[in-house]
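A.B. asks: Structure provided below as structure tokens; questions to follow.
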Amino acid sequence: MIEIERKFLVTSMDFISESFKQHSIAQGYLNSNPERTVRVRIKGEKGFITIKGAGNESGLSRMEWEKEIPFEEAQSLLQLCEKGAIEKTRYEVKSGDHIIEIDVFQGENQGLILAEIELQNENESIEKPNWLGEEVTGDIRFYNSYLSLHPFKTW
């Protein structure tokens, strides 16, 4: 499956009053190589394993495969991950025909707030709320796999 998404910095916490759902997320990487990342994630009470391929030239599209796994297996796999866990709270906000996922990072990436919008095609237009800031789609520094090795607090 191909994932198409745009990524933005978030300029204020105004989105919280608009959110309809939130989850705590803990994740780590069994492989953080941008050509083929392998991620283990616990989202709420569920576990997932995800494989992502390299992004295309624009950074908008890349192959993604995800499978839900038992919570206990995800906990065990997190112990095998590379150094640099990602901790964040994800908020979901409806905007036009899209759901915007906003990640408020904790731990070594505290202070960073990113929004992602999944699209059906690369040319799809989106409604941008006033708290959506600079677009950082394709900027590798804002990939979670990069942040796990180069935390935002060290920039």
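A.B. asks: Hey, among the residues in region 55-70 that are within 17 Å of LEU30 (Cβ to Cβ) and without any contact (Cβ under 8 Å) to a residue 60 or more places away in the chain, which one's farthest from the chain's Cα centre (by Cα)?
C.D. replies: That would be PRO70.
A.B. asks: Inspect all residues belonging to region 31-45 and state whether any of them is part of a loop (DSSP other than H, G, I, E, B), surrounded by 14 or more Cβ atoms within 10 Å (Cβ to Cβ), touching a residue at least 12 places away in the same chain (Cβ under 8 Å) and at negative phi.
C.D. replies: Yes: one or more hits.
A.B. asks: Looking only at region 27-50, which residues are out of contact with any Cys (no Cβ under 7 Å at 6 or more places or on another chain) and closer than 14 Å to TYR146 by Cβ?
C.D. replies: Passing the criteria: GLN27, ASN31, SER32, ASN33, PRO34, GLU35, THR37, ARG39.
A.B. asks: Checking the condition small (Gly, Ala, Ser), at pLDDT 95 or above, farther than 22 Å from THR137 by Cβ and in a strand (DSSP E or B), which residue from ALA26, ALA74 passes? Explain how you work it out, then say what you get.
C.D. replies: Values: ALA74 fails: in a strand (DSSP E or B).
None of the others qualify; the one that does is ALA26.
A.B. asks: I'm trying to understand the selection: among the residues of region 114-155, which are closer than 15 Å to PRO34 by Cβ and part of a helix (DSSP H, G or I)?
C.D. replies: The answer is ILE140, ARG141, PHE142, ASN144, SER145, TYR146, LEU147, SER148, LEU149.
A.B. asks: Tell me yes or no: at least one residue of region 1-20 is modelled with pLDDT under 95, out of contact with any Pro (no Cβ under 7 Å at 6 or more places or on another chain), in a strand (DSSP E or B) and farther than 19 Å from LEU114 by Cα.
C.D. replies: Yes: one or more hits.
A.B. asks: Now, a different point. Can we say ILE86 is within 12 Å of the chain's Cα centre (by Cα), β-branched (Val, Ile, Thr), closer than 17 Å to LEU30 by Cβ and modelled with pLDDT of 95 or more?
C.D. replies: The answer is yes for ILE86.
A.B. asks: Of everything in region 46-71, what is at pLDDT 95 or above and in a loop (DSSP other than H, G, I, E, B)? Give them in sequence order.
C.D. replies: Of everything in region 46-71, just one residue is at pLDDT 95 or above and in a loop (DSSP other than H, G, I, E, B), namely PRO70.
The values are calculated or read from the model by the stated rules, or taken from the named source; none is laboratory data. Just so it is clear, the model here is predicted, and its values are computed rather than measured. Note: ideal-geometry Cβ built from the backbone for every residue, glycine included; neighbour counts use all protein chains shown.
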